[in-house]
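Chemist: Quick one: structure below, then a few questions.
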Amino acid sequence: MRNRWWAVPVLAGAAAVLTACGTSSPPSSPPASSAPAASSSTTPASGPSASTVTISTRSTSIGTVLVNAQGHTLYWFAIDTPTKSNCNGSCATYWPPVIGKAVAASGTSLPKGFGTITRSDGSVQATYDGHPLYTYAADTSAGMTSGNGLNVSGGLWWAMTPSGAKPSATPSPSTSTSSGGGYGY
């Protein structure tokens, strides 16, 4: 009993660490100017009816992907279902949902279909091939694919391809190989 005085500060510190670990976030925070507030990214632009979002394709370092009108890559979240988004709250700050009804840009042929789901906040989110669509706040310019293959917010994120499959190529940092000797580890 005489050496138990240290237990109180240690337990308080452990509780603080556990509280801080209660949420997950992307590996690095995007610039503040590129991370929209969750409320603005999940509310339809014009009242209860959804606006129209134009989708096209773009050739990138990981292959051809779907992009929005600004040329930003669209992503899907592996733990979503065809009827439910599992990215809400702070997740939607980093991965803003594509709000509205999606249509293919003039001259863009896409083999899979568009649809919509109703998010938990009541907004309408675009889907492609049964996957709710998102952008990534850290993709600050057209053609960036820095969200592809990330394992954050409880699951993997993939750039959306016209076929609906995962991209066939991976981002350049993941594809580098070593030509030095070694044991194949």
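Chemist: Farthest toward the dipole's positive end in segment 32-165, which of Phe77, Met160, Gly107, given Cβ charges of +1 (Lys, Arg) and -1 (Asp, Glu) about the Cα centre?
Modeler: Selected residue: Gly107.
Chemist: Determine Rg/Rh for segment 32-165; Rg is computed over alpha-carbon atoms and Rh is the Kirkwood hydrodynamic estimate from the same atoms.
Modeler: 0.92
Chemist: Please figure out what share of the DSSP beta bridges in segment 32-165 is antiparallel and state it in percent, rounded to the nearest 5.
Modeler: Here the share of antiparallel DSSP bridges comes out near 85 percent.
Chemist: Order 132-139, 54-61 from most to least packed using the mean count of other Cβ atoms within 10 Å.
Modeler: Ranking, from highest mean packing down: 132-139, 54-61.
Chemist: Under 12 Å from the Cβ of Tyr75, count the other residues' Cβ atoms, weight Lys and Arg +1, Asp and Glu -1, and hand me the total.
Modeler: After counting each charged neighbour, the total is -1.
Each reported figure results from applying straightforward, stated rules to the coordinates on display, with no laboratory input. As the structure is a prediction and not an experimental result, all values here were calculated from the model. Methodologically, a virtual Cβ is constructed for each residue, glycine included, from the backbone with ideal geometry; neighbour enumeration extends over all protein chains shown.
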